[in-house]
Amino acid sequence: QKSIRWMANTFQANFGEARIKEIDQARIEQYLRDKDVSNQTRKNLRNHLGQFFNWAIRKGYYDKNPVRDIEITVQNGVPKFFSVGQCVAILKQVLKEQNTPVRAYFALCLFGGIRPEEAQRMKWGENVKMDTKEIYIPAAISKTKKDRLFLMPGPLYIWLGICPQGEPLIPVNFRKLKDRVTKSLKFDWIQDGLRHTFATFHYAKHKNLEELRHIMGNSPSVIERFYKGAISAEQVNKFWMLIPLTVKNAEERAT
């Protein structure tokens, strides 16, 4: 029931005042493509929309189910995540002055494992507590509708420290600014890749599934199935050294 209620509120917020018959297959496909989530989450969204349209057909509000022919492939096995070199490339773009407004978002997802949709609802002071070095995800913005409170990993605190805290954590033109970062990269963007990367490197360093579960708001079984990967100790150390100064130095050496 909680899942259906959450999905219903999400669709209402995303589709606004659109009439049911205005939401056709093309619009739903675009909606799913624009979501910065994994294919598994897209599949879940599609399935819930399919249930809604089946209900609409039974009520006589619609004559067909526009979701029926939408296919989404979910790859099983080890999840994809960004390599240390790819993380450096991402962070180089984030360090550019024109991308300053989205630094906090990328930092929260990459070094805090925050879900993209949760990060987009966070605020300075209320959710990002720099004075106590804590991240607070209340039930109101959590996907699982459960509170989470945890200490910031060192790199996250450092990256947030160079973000403009006098401005909204998520800017009005967030989507455009985020796309400018992702589209400037020379490799394919991995949906939910920042979160997968955090999980991979956090587990590789701490070997603590319960702590990782608490931070990410997942059950251990979900983390085992979708997020946890294997990585060498050398790469783990390099990842947790990715602070602004080391990324900048890496850029200077490259030039």
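At a glance:
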{"item": "Average projected area [Cα convex hull, the chain], square nanometres", "result": "14.8"}
{"item": "Whole-number accessible area per residue in Å² for segment 1-43, which is evaluated in the context of all protein chains at 1.4 Å", "result": "67"}
{"item": "Choice from 139, 104, 13 showing the highest fluctuation, given a GNM over the chain with Cα pairs closer than 10 Å", "result": "13"}
{"item": "Per residue, in Å², the accessible surface of segment 145-225 once ligands and nucleic acids are set aside, probe 1.4 Å", "result": "52"}
{"item": "The chain: most fluctuating residue of 206, 196, 214 per GNM, C-alpha cutoff 10 Å", "result": "206"}
{"item": "Total lysine pairs whose alpha carbons fall under 15 Å of each other in segment 19-150 (8 or more apart, or interchain)", "result": "5"}
{"item": "Principal-axis tilt of helix 84-95 within the chain, Cα atoms, nearest 10 degrees", "result": "90"}
{"item": "Structure-based [θ]222 nm, the chain - -39500 (n - 2.57) summed over DSSP H runs of at least 4, per residue, nearest 500", "result": "-15000 deg cm²/dmol"}
{"item": "Over the chain, relative contact order from alpha-carbon pairs under 8 Å, at least 6 apart, %", "result": "22"}
{"item": "Whether segment 120-184 is rounded, prolate or oblate, judged on the alpha carbon gyration tensor where a/c under 1.5 counts as rounded", "result": "oblate"}
{"item": "Residue of 147, 24, 36 that the Gaussian network model of the chain assigns the largest fluctuation, springs spanning Cα pairs under 10 Å", "result": "24"}
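The values are calculated or read from the model by the stated rules, or taken from the named source; none is laboratory data. Since we're looking at a predicted model, the values are computed, not measured. Please note that ligands, DNA and RNA were not included when accessible areas were found on the heavy atoms of the full protein model with its side chains. Shrake-Rupley method; radii C 1.70, N 1.55, O 1.52, S 1.80 Å.
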